[in-house]
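Derivation of every value follows stated rules applied to the coordinates shown; laboratory data play no part. Fair warning: this is a prediction, and the values are worked out from it, not measured in the lab. So basically every Cβ, Gly included, is an ideal-geometry build from the backbone, and we count neighbours across all protein chains shown.
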């Protein structure tokens, strides 16, 4: 059951919008019972209607992509250091190419969710949820690479 103040917290987070992108709901704002749920379930727990669910998903995706981007920058820094030590520009181009290919895979993979719902109501939300989940997973993977965990 959603926490009684979750809609109020979500409205508060929405009011903190910056440049048209809402701040993401963090685990501390999401009730414990849904903190590890799917992104769609997380947003449904704090939104009053489908429009707000989509807005929430867009905000969470922006935050997940931002966190993933920060992790990517740490990996690129590590790659630059390795390339400098070895004198061979191999690590950075490998990381950059892998990220380009991952982005393309995410787009195609998450489009499957929308395709399998045959355009039904909420199909876009499932696609956004997939993108969020994949960004979170990629962020974890990039953080491991930046830390030297292979």
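Under a plain spin-label model, where a point goes 7 Å from the Cα along Cα-to-Cβ, how far apart in nm are residue 118 and residue 70?
Placing both labels 7 Å beyond Cα along the Cβ direction yields 4.3 nm.
Ranking request for peptides 92-100, 54-62: highest mean number of other beta-carbon atoms within 10 Å first, then the rest in descending order. Walk me through the numbers before you get to the answer.
Working: 92-100: 14.0, 54-62: 21.0.
The packing order, highest mean first, is 54-62, 92-100.
Give the residues of segment 44-75 whose amide nitrogen is closer than 14 Å to a point set 7 Å from the Cα of residue 96 in the direction of its Cβ.
Counting backbone N atoms under 14 Å from the label point, the list is 73.
Expected output is a single nm value to one decimal: the length gained when fully extending between residue 37 and residue 84, i.e. 0.36 nm times separation in residues minus the C-alpha distance. What is it? Please list the in-between numbers first.
On the way: separation 47, 0.36 × 47 = 16.92 nm, distance 4.22 nm.
Fully extending the segment from residue 37 to residue 84 adds 12.7 nm.
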